[in-house]
Amino acid sequence: MIPLLLERAHPRWVGHELRRWARRDRHPLSDSEIHLRAAAEWLAHAHDVGQYGGVPAFYDARRQRWEASYPETTGYIIPTLYAYAEHAGDQAYFDRATRMAHWESDVQMDNGGVCAGTLAAPRLVPTVFNTGQVLFGWAAAFERTGEPRFADSLERAADWLVSIQDDDGAWRRHGSPFATHPLNTYNTRTALGLLDAARALDAARYSEAARANLNWALTQMRPNGWLDNNDLEDNRRPLTHTLGYALQAMLEAGMRLGDSRFVDAARLGLGRIAQCQRRDGSLPGRLDEQWRAAAPWSCLTGDVQIAHAWLQLARIDQTEGWIHHARRSIEFVQSTQDLATMDLERRGAIAGSYPRQGGYMTDRYPNWAAKFFMDAIMLSLEAR
């Protein structure tokens, strides 16, 4: 398979193949609002064609089919669509986000957790990270609609997470069966979801649980900003996607809690990643413990997640440096978005990798790539 070859073949051949595939995957830049609207329309289209009521996990271009609905990412798409409804003044996206939140409550498990994988998984089991991501959706829906159902789902899910948390703040039980490692530093994003629950429900116990996990996450950071136990498959070479999860959540949580330890730790890691940015604005898809490129392709989701975190840092550091890095990264990902194709399954979508034959979500368009792309553009537009 080409992704395996791209990771392991001779660098000179890799460079040739990347350039050959990459020529197909770049497009003219347009206004950021146009790129933003195209991503929103693609997510709406994905939601409409979904078989179960949530947003399908991805579109598989090679097999020309949609995957089943994915509770985890549908959960954190909800606040993005609410934000876009406000940004664009479009009530339809508000209503769509609320329907997604109802669907999440429909599929919530009896113990309050959210299942791993899509609804087509052979066995549905609750898992920590996925549950943490749906907290964002229920909190946003309850704060905007006041519907008691969302508060109930939010409380049940948050209570389940607190009940299975270890004394040191980590989560070691109920890891995803689809991830190689049960212990994940990127659960700082689950902690961030608990902060949303604490705000929406005015429940301090969730803030305390979040802080405990963030304190544990600091024990996983090396002096150079590197995070141990922070990948879905290969902890020696994590994706920028999982680095983005961990560092952006640590940064935002530190800002909310007023705890400079978390902000400083995130700044250290994000600064090292900035040094890896390529001339075209992209980042290597994987990085090793010395912050060196460990993959020739780029993980587009990670690119925009990191860009979003750089923009948040710019708010507190008051420096143009972070904004410069972020805008270069966002413009790079915009250049991979096809706005001209008549194929509705791909128009406005963001691929897993650049080029599409790279090693992450090969030849697929994941819904979370479009979600984080929208988040980064909306924050960038605010920064202007």
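Evaluated against (1) of a type in the set (Phe, Trp, Tyr); (2) within 23 Å of Asp375 (Cα to Cα); (3) assigned to a loop (DSSP other than H, G, I, E, B), Trp291 falls short on exactly one condition, (2). Can you spot a residue in the range 176-186 that is open to solvent by 30 Å² or more (accessible area, probe 1.4 Å), within 14 Å of Gly132 (Cβ to Cβ) and either assigned to a loop (DSSP other than H, G, I, E, B) or hydroxyl-bearing (Ser, Thr, Tyr) (or both)? Within the range 176-186, one or more residues are open to solvent by 30 Å² or more (accessible area, probe 1.4 Å), within 14 Å of Gly132 (Cβ to Cβ) and either assigned to a loop (DSSP other than H, G, I, E, B) or hydroxyl-bearing (Ser, Thr, Tyr) (or both). Among the residues here, Arg267 does not qualify as touching a Lys or Arg at 6+ places or on another chain (Cβ under 6 Å), at pLDDT 95 or above and among the basic types (Lys, Arg).
When Ala92 is tested against (1) open to solvent by 10 Å² or more (accessible area, probe 1.4 Å); (2) modelled with pLDDT under 95; (3) farther than 22 Å from Val304 by Cα, exactly one condition is not met: (2). Within the range 235-261, how many residues are in a helix (DSSP H, G or I), surrounded by fewer than 24 Cβ atoms within 10 Å (Cβ to Cβ) and touching a residue at least 12 places away in the same chain (Cβ under 8 Å)? Number satisfying all stated conditions: 6.
The set of residues in the range 332-355 that are part of a loop (DSSP other than H, G, I, E, B), surrounded by fewer than 23 Cβ atoms within 10 Å (Cβ to Cβ) and touching a residue at least 24 places away in the same chain (Cβ under 8 Å) comprises Asp338, Leu339, Ala340, Leu344, Glu345, Arg346, Arg347. Of the residues making up the range 262-288, those that are in a loop (DSSP other than H, G, I, E, B) and surrounded by fewer than 17 Cβ atoms within 10 Å (Cβ to Cβ) number 6. Entry remark, the range 27-39: residues being more than 21 Å from the chain's Cα centre (by Cα) and open to solvent by less than 10 Å² (accessible area, probe 1.4 Å) number 0 in total. Taken over the range 231-275, the criterion of being under 18 Å from the mean Cα position of the chain (by Cα) and of a type in the set (Val, Ile, Thr) is satisfied by Thr240, Thr242, Ile273. Determine whether the range 40-62 contains at least one residue that is outside any strand (DSSP E or B), open to solvent by 40 Å² or more (accessible area, probe 1.4 Å), at pLDDT 85 or above and closer than 23 Å to Ser298 by Cα. Checking the range 40-62: at least one residue is outside any strand (DSSP E or B), open to solvent by 40 Å² or more (accessible area, probe 1.4 Å), at pLDDT 85 or above and closer than 23 Å to Ser298 by Cα.
Within the range 176-184, the presence of at least one residue that is modelled with pLDDT under 95, over 17 Å from Gly54 (Cα atoms) and among the small types (Gly, Ala, Ser) is confirmed. Scanning the range 309-325 for residues that are assigned to a helix (DSSP H, G or I) and open to solvent by 40 Å² or more (accessible area, probe 1.4 Å) gives Arg315, Ile316, Asp317, Glu320, His324, His325.
Here's the yes/no breakdown for (1) over 25 Å from Gly258 (Cα atoms); (2) open to solvent by 30 Å² or more (accessible area, probe 1.4 Å); (3) touching a helix residue (DSSP H, G or I) at 6+ places or on another chain (Cβ under 6 Å); (4) not in a helix (DSSP H, G or I):
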residue	(1), (2), (3), (4)
Asp110	yes, yes, no, yes
Ala121	yes, no, no, yes
Gln133	no, no, yes, no
Glu143	no, yes, yes, no
Ser153	yes, no, yes, no
Asp159	no, yes, no, no
Arg189	no, no, yes, no
Ala209	no, no, yes, no
Ala212	no, yes, no, no
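The lone criterion from (1) in contact with a Leu (Cβ under 8 Å, 6 or more places away or on another chain); (2) more than 22 Å from Tyr186 (Cβ to Cβ) left unmet by Ile273 is number (2).
Criterion first (in contact with a Lys or Arg (Cβ under 7 Å, 6 or more places away or on another chain), surrounded by fewer than 18 Cβ atoms within 10 Å (Cβ to Cβ) and within 25 Å of Cys115 (Cβ to Cβ)) does Asp166 satisfy it? Yes: the conditions hold for Asp166.
The values are calculated or read from the model by the stated rules, or taken from the named source; none is laboratory data. This is a predicted model, so every value here is computed, not measured. Reconstructed Cβ throughout: ideal geometry from the backbone, glycine too, with neighbour counts over all protein chains shown. With ligands, DNA and RNA removed, areas are computed over all heavy atoms of the protein, side chains included. Shrake-Rupley method; radii C 1.70, N 1.55, O 1.52, S 1.80 Å.
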